[in-house]
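Quick notes on the structure that follows.
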């Protein structure tokens, strides 16, 4: 439930179109529902503009299904990250609206269409191997109500592949750069655009990459101004932050 929906409900009570009893029924589990194994925060959309998002890894199939059920009953849009096919099949059994994005490992259940600004988010990867993280960022941003420009496999080993796309990138409002190995692409992009750059280090690389540490440190020590960094393989965090920036009026 967001601020507009609460305002509408209270206005209906004020006008006598909705009874106090009915309004109390709507609000009885506000601001959260206690399931024992999880406390679902229905107040989050009102505070932040986005409903609570489910991190599915480490949860059982039954727990994921029950959280989706309760959130869907509240007519929220529901997003589950780091999900698998079994979880999706279980969620689909309670709602035919459920959609699974295998590469992004995201389940979505959309009950209402988000507002979409005209401006776009660019998502650039250094290599094809970075695409799962990129898709997590892209699908997250799209489900939150954004148009996304995807530019994949445009790393520094063939920088002309990036240069060709610069006019399109510069027309976007925020840029997400996703790279493994040494993570150099974020610095390159940061030096070529006048937009905020969100860098995502990935765990892609050989031994000295240390599971993404080399890319993380390279991005954190970037000499390009305007580059901020999220955690290793955290496409969701980048997509969420980019959405917030893109929707600033």
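What follows is calculated from the coordinates using simple rules that are stated; it is not laboratory data. Model, not experiment: these values are computed from the prediction. Cβ: placed from backbone, ideal geometry, glycine included. Neighbour counts: every protein chain shown.
Over all directions, the average projected area of the alpha-carbon convex hull for the range 1-140 comes to how many nm²?
Result: 10.4 nm².
For the chain, what does the helix formula give at 222 nm: sum of -39500 (n - 2.57) over DSSP H segments with n ≥ 4, over the residue count, nearest 500 deg cm²/dmol?
Helices in the chain give a 222 nm mean residue ellipticity of -10500 deg cm²/dmol.
Can you give the relative contact order of the range 102-156 as a percent, counting alpha carbon pairs under 8 Å and 6+ residues apart?
47
How big is the Rg/Rh ratio for the range 48-97, C-alpha atoms only, Rh by Kirkwood, two decimals?
With Rg and the Kirkwood Rh in hand, the quotient comes to 0.94.
Between residue 86 and residue 213, take the C-beta separation as r, use R0 = 22 Å, and let me know the FRET efficiency to the nearest 0.05.
E between residue 86 and residue 213, to the nearest 0.05, is 0.10.
If I take R0 = 35 Å and measure r between the Cβ atoms of residue 20 and residue 62 in this structure, what FRET efficiency does the formula 1/(1 + (r/R0)^6) give, to the nearest 0.05?
0.45
Let a ≥ b ≥ c be the square roots of the eigenvalues of the Cα gyration tensor of the range 94-148; is it rounded (a/c under 1.5), or, if not, prolate (a/b larger than b/c) or oblate?
Cα axes put the range 94-148 in the oblate bin.
Quick one: compute the contact order of the chain, relative version, from alpha carbon pairs under 8 angstrom and 6+ residues apart, as a percent.
Relative contact order, the chain: 13 percent.
For residue 220 and residue 41, FRET efficiency with R0 = 30 Å and r from the beta-carbon atoms, rounded to 0.05?
Step by step, r from the Cβ atoms, then E = 0.45.
Using the 10 angstrom Cβ neighbour count as an exposure proxy, how do 99, 133 rank, fewest first?
Fewest to most other Cβ atoms nearby, the residues stand as 99, 133.
Just subtract the alpha-carbon distance of residue 5 and residue 95 from 0.36 nm times their residue separation and send over the number in nm, one decimal.
Here the answer is 30.1 nm.
Working out 0.36 nm times the residue gap between residue 55 and residue 128, then minus their Cα-Cα distance, what length gain in nm do you get to one decimal?
Stretched fully, the residue 55-residue 128 segment lengthens by 23.8 nm.
Going by a ≥ b ≥ c, the root eigenvalues of the Cα gyration tensor, does the range 102-187 fall in the rounded group (a/c under 1.5), the prolate group (a/b larger than b/c) or the oblate group?
Oblate, since a/c reaches 1.5 and b/c is not below a/b.
Using only the Cα atoms of the range 176-249, what are the Rg and Dmax in Å?
When restricted to the Cα atoms of the range 176-249, Rg and Dmax are 11.9, 44 Å.
Hey, what did the range 32-76 get for relative contact order, percent, Cα under 8 Å, at least 6 apart?
With pairs under 8 Å counted, the relative contact order is 28 percent.
Pick from 82, 120, 39: which residue has the top mean-square fluctuation in a GNM of the chain where Cα pairs under 10 Å get a spring?
Looking only at 82, 120, 39, the biggest GNM fluctuation is shown by 39.
Just want the ordering: 75, 5, from fewest to most Cβ atoms lying within 10 Å of their own Cβ.
Ranked by crowding around the Cβ, least crowded first: 75, 5.
By its C-alpha gyration tensor, with a ≥ b ≥ c as the square roots of the eigenvalues, how is the range 85-244 shaped: rounded for a/c under 1.5, else prolate for a/b larger than b/c, else oblate?
Cα axes put the range 85-244 in the oblate bin.
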